[in-house]
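What follows is a short report on a single structure.
The values are calculated or read from the model by the stated rules, or taken from the named source; none is laboratory data. In this text, all values refer to a predicted model and were calculated from it rather than measured experimentally. All Cβ positions, glycine included, derive from the backbone under ideal geometry; neighbour counts span all protein chains shown.
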Amino acid sequence: MKSKLFPFLVLLMILFLIGGIVGCTPTDGEDVVPPEEEEEEGVEFDGEIKIAVTGPMTNIQGEMMWWGALMAADEINAAGGVAVGDEMYSVRLIQVETDEIMDPLGAVSAVENVIVSEDPDFLIGGFRTEAVTPYTDLIARDYNKIFIICGAATNELLHGRVDVDYDAWKYLFRVTPIRSTDLVTVTILMLNDVAMAVREELGIAAPKVAILAEALEWNEALVQMAPQIFPTLGLEFVGTFRPSATASDVTTELRGIEATGAHIIYTIMSGPVGIPFGKQWGELEIPACPVGINVEAQKSGYYPATDGFGDYDCTLNTFAQNAAITEHTIPFISKFVDLYGQLPNYNADTYSAVYILKEAVERAGTIDTDSVIAELEVTDYTGAAGRVVFDEAHDVIWGPGYVTAVGIQWQDGELVAAWPLEWKPDAQNAPDLVIGYEGVVPYQIPPHVLEQWRE
Amino acid sequence: MRGLPGLIHHPGNRREELAMLSDILVYGLMNGAVYAMLAIGFSLIFGAARIINLAHTAFFMLAAYAIFYFGSELAINPFIAIPLSIILVVLVGVVVYYVFMEPIREHETAVLIVTVAVALVFQELILIIFGGHYRGVSSIVAGYISPYGIRISYQYLLTLGVVSLSLFIVWLILMKTRLGIAIRSSAQDREIANLMGMNVAKIAAATMAISVGLAAVAGVMVAPLYTLEPHMWLNPLVLVLAIVILGGLGSIKGSFIGALILAFIEVTVVFLIPGGAFLKVAIALAIMLTILIIRPEGLFGVYMEGER
């Protein structure tokens, strides 16, 4: 039996695996192109600037980091490279698979390995705070290399480090996203807009809000602060639910939220739990409007991954394809979508990080670390996400005239910007100052929520 | 614990208490059924062949990805895609058994390590083929019902039905067929079964097929409920191990009851301590440890497996 069955079964298994490779990979358009294949041909450079991109490269966050950096590097190389004094240098990217979502400690080894073996001039990336905290320690204090964070939001990665012990931590900067306390501010502004819609359309004077926050370090500040802010907005806080960031089923949590009578779910999620949330919230028609942060909902793949049930989910993002934050936003997004077939999320602003490094090197006329740091500190760069200026902790400044972030909502299968529509950042002192980007549309209450509360 | 506002939920009145109780009963039953499906398969192969198959939930993952591939990527009708996925995964399971486990079956520790290696190979293959992206599978039946205000998706109900049917079929096989008698006798004493003329290797292979089949059925049914990613086998494995240890290694009845106990504990934690919902598995495992201190052989296990 063995001799007859074995070849057949093995053949079937191989066919199944090959079928998977052939059937899936190309159609997804998610291949990560090795840097070697992207070298410019026919362009002579005097040297090269090596930039290591560190991130979870088999996950969308890492891919976005890589694609954003790759797009910038290709553009820079095609335009003649980086002027370093009298010489022209090309940009060479080194991809570093940190697998930091699943293995934060392994990420430290991956970063150290690339520093020792490749000796990059600069590093950019970093997604999960639990991994970025130890490896920024390594990069700054052991190897004295410049690292621009393009993913982790935790305040303490920079604040309390760069501004307290400058000599030890001056190597660290952040371009994207805005720091976690500013994330709270933006999501609270978005929440306020949603609460106003609930009051107007459902006639509920004091909407109830439940927090659904994954159990991770980066959102602790948000989870602690939010319930204290809700009453100032006329909102009633009804409870906090904290599933694991990798939970694959949140039905029970959603039922618990429904039992609290919440009208709004304030979401704070960066992990894969965002997908079962969107799917189960929509499929079970939970009568509460989600708003806040759901990183999974920032991606083109969210709608199909939730089988369309994630429609009307509302989350903070850095870009939106319909919102012209600056004159660079729409061209950047259009080119990104053309090249990689997906909308960029906030991690893709490695694009700006590479350009900011280029400009700093050109101003410094050298790739010497201290000289480049001095030039990075005086950065004033207008990119796709807004105007990037660093504060005393080397963090990107949030606010009107700088990077503001946007609120996005899935509306009928399209990802559109829904905040800021008419934001008055200082209504008392500057009532005429109204921020609203071209293309932003009004927030929409999910139809099933409208229907159930009207009943 | 982190001083979270709203950490512990206090039901306001008797009506709220009853509503919460019914929530816990319904969701505990639904989660418990899926856990039971996985745990019974695990228990079966251990009981019949003394194989601790740590790749068991990796087969569950393979089945979930297979239904994603056939159903979502190739758009094959679910009524074809589901059996196709189950059959393929069972075939892979049988091949794995003959190639990797059968030659070293007498060395139980070696088999244990091999199953870990097999699971990791599956994980890496899935990562290479599908990437680390989080995937979703469409529900076979979309929508929900709302008896007494408790929302239950049709997919969950369907899963519950299929799980119940599968467990009934397995019971029929074990109790009413010659194969079932052979599996049970092999489980009771493999050497005597061998001396009585039974081909214990083939019985083990058949048991492996049934065991992987149960994992595959669970995989294809919960794929629309869960998020697919290459590490999705790890969390269920921890739960399955906890369940079979709690219920008693090799005891099918114990696995079933252990699954329900852990599921009810998890659901209760979410409802009573919403701010600590992420601790549900940890609390369930802590309770399991407490029970084991009182009853080391598990709820329905024999004191020492080797003494059977």
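When we screen B:F70, B:F79 for residues that are more than 18 Å from A:A305 (Cα to Cα) and not aliphatic (A, V, I, L, M), the only hit is B:F79. For B:A66, indicate whether it is among the small types (G, A, S), out of contact with any Pro (no Cβ under 8 Å at 6 or more places or on another chain), surrounded by 17 or more Cβ atoms within 10 Å (Cβ to Cβ) and more than 14 Å from chain A (Cβ to nearest Cβ). Considered against the rule, which asks whether it is among the small types (G, A, S), out of contact with any Pro (no Cβ under 8 Å at 6 or more places or on another chain), surrounded by 17 or more Cβ atoms within 10 Å (Cβ to Cβ) and more than 14 Å from chain A (Cβ to nearest Cβ), B:A66 comes out as no. Of all residues in region B:181-202, those that are farther than 19 Å from B:Y98 by Cα have Cβ atoms under 6 Å from Cβ atoms of residues that are among the polar types (S, T, N, Q) and surrounded by 12 or more Cβ atoms within 10 Å (Cβ to Cβ), 6 or more apart or on another chain, in B:A193/B:S185; B:A193/B:S186. Among the residues of region A:357-397 satisfying the criterion of being of a type in the set (V, I, T) and crowded, with 24+ Cβ neighbours inside 10 Å, which is farthest from the chain's Cα centre (by Cα)? Only one residue fits best here, namely A:V361.
Answer yes if at least one residue in region B:271-294 is in contact (Cβ under 8 Å) with a residue 60 or more places away in the chain, more than 13 Å from the chain's Cα centre (by Cα) and not in a helix (DSSP H, G or I), and no otherwise. Yes, the conditions are met somewhere in region B:271-294.
Checked across region B:217-228, the condition of being away from every other protein chain (no Cβ under 14 Å), more than 21 Å from B:Y134 (Cβ to Cβ) and in contact (Cβ under 8 Å) with a residue 12 or more places away in the chain holds for at least one residue.
Provide a single number: the residues in region A:120-133 that are assigned to a helix (DSSP H, G or I) and either charged (D, E, K, R) or more than 20 Å from the chain's Cα centre (by Cα) (or both).
Filtering region A:120-133 down to residues assigned to a helix (DSSP H, G or I) leaves A:129-133.
Adding the requirement that they be either charged (D, E, K, R) or more than 20 Å from the chain's Cα centre (by Cα) (or both) leaves A:130.
Of the residues in that region, 1 qualify.
Return a yes/no flag: does region B:29-50 have any residue that is surrounded by fewer than 22 Cβ atoms within 10 Å (Cβ to Cβ), part of a helix (DSSP H, G or I), at pLDDT below 95 and not small (G, A, S). Give the derivation first.
Initially, region B:29-50 is screened for residues surrounded by fewer than 22 Cβ atoms within 10 Å (Cβ to Cβ), giving B:29, B:50.
Still in the running and part of a helix (DSSP H, G or I): B:29.
Adding the requirement that they be at pLDDT below 95 leaves B:29.
From what is left, the residues that are not small (G, A, S) are B:29.
Yes, region B:29-50 contains a residue that is surrounded by fewer than 22 Cβ atoms within 10 Å (Cβ to Cβ), part of a helix (DSSP H, G or I), at pLDDT below 95 and not small (G, A, S).
Candidates A:G203, A:G160: the one that is at positive phi, modelled with pLDDT of 95 or more and small (G, A, S) is A:G160. Considering the conditions (1) on the phi < 0 side of the Ramachandran plot; (2) within 14 Å of chain B (Cβ to nearest Cβ), A:E285 is excluded by exactly one of them, (1).
Scanning region B:111-149 for residues that are in a loop (DSSP other than H, G, I, E, B), more than 9 Å from every other protein chain (Cβ to nearest Cβ) and either surrounded by 16 or more Cβ atoms within 10 Å (Cβ to Cβ) or of a type in the set (F, W, Y) (or both) gives a single hit, B:I140. Is one or more of the residues making up region A:213-222 small (G, A, S), within 8 Å of chain B (Cβ to nearest Cβ) and touching a Gly at 6+ places or on another chain (Cβ under 9 Å)? The answer is yes, given that some residue of region A:213-222 is small (G, A, S), within 8 Å of chain B (Cβ to nearest Cβ) and touching a Gly at 6+ places or on another chain (Cβ under 9 Å).
Table: residues versus (1) within 18 Å of the chain's Cα centre (by Cα); (2) more than 10 Å from chain A (Cβ to nearest Cβ); (3) among the aliphatic types (A, V, I, L, M).
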| position | (1), (2), (3) |
| --- | --- |
| B:F70 | no, no, no |
| B:A81 | no, yes, yes |
| B:L91 | no, no, yes |
| B:V96 | no, no, yes |
| B:F100 | no, yes, no |
| B:E106 | no, yes, no |
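Condition first: over 22 Å from A:G436 (Cβ atoms), surrounded by 24 or more Cβ atoms within 10 Å (Cβ to Cβ) and small (G, A, S). Now tell me which residues in region A:298-325 satisfy that. Within region A:298-325, A:A305, A:G310 qualify.
Considered as a group, the residues in region A:410-433 that are acidic (D, E) and in a loop (DSSP other than H, G, I, E, B) include one that is farthest from A:C314 (Cα to Cα), and that residue is A:D432. When region B:150-169 is limited to residues that are farther than 27 Å from B:Y69 by Cα and buried (at least 17 other Cβ atoms within 10 Å of the Cβ), the one that is farthest from the other protein chains (Cβ to nearest Cβ) turns out to be B:I150. Of all the listed residues (A:A353, A:A297, A:A348), the sole one being within 14 Å of another protein chain (Cβ to nearest Cβ), part of a helix (DSSP H, G or I) and either touching a strand residue (DSSP E or B) at 6+ places or on another chain (Cβ under 8 Å) or of a type in the set (A, V, I, L, M) (or both) is A:A297.
Pick from region A:231-256 the residues that are in a helix (DSSP H, G or I) and touching a helix residue (DSSP H, G or I) at 6+ places or on another chain (Cβ under 8 Å): which of them is farthest from the other protein chains (Cβ to nearest Cβ)? Among those residues, the one meeting the criterion is A:L233. Per the listing A:I188, A:I178, the residue uniquely more than 14 Å from chain B (Cβ to nearest Cβ), in a loop (DSSP other than H, G, I, E, B) and touching a residue at least 40 places away in the same chain (Cβ under 8 Å) is A:I178.
A:T350 meets all of the listed conditions (1) touching a Gly at 6+ places or on another chain (Cβ under 6 Å); (2) over 28 Å from A:G160 (Cβ atoms); (3) not aliphatic (A, V, I, L, M) but one, namely (2).
The set of residues in region A:64-119 being assigned to a loop (DSSP other than H, G, I, E, B) and within 24 Å of the chain's Cα centre (by Cα) consists of A:T98, A:D99, A:E100, A:I101, A:M102, A:D103.
Of all residues in region A:191-217, those being among the charged types (D, E, K, R) and part of a strand (DSSP E or B) number 1.
Restricted to region A:413-455, and to residues there that are among the aliphatic types (A, V, I, L, M), without any contact (Cβ under 8 Å) to a residue 60 or more places away in the chain and within 29 Å of A:K208 (Cβ to Cβ), the residue that is surrounded by the fewest Cβ atoms within 10 Å (Cβ to Cβ) is A:A427.
Residue-wise test of (1) part of a loop (DSSP other than H, G, I, E, B); (2) surrounded by fewer than 24 Cβ atoms within 10 Å (Cβ to Cβ).
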position	(1), (2)
B:P224	yes, no
B:M232	yes, no
B:N235	no, yes
B:V240	no, no
B:I245	no, yes
B:L249	yes, yes
B:K253	no, yes
B:I257	no, yes
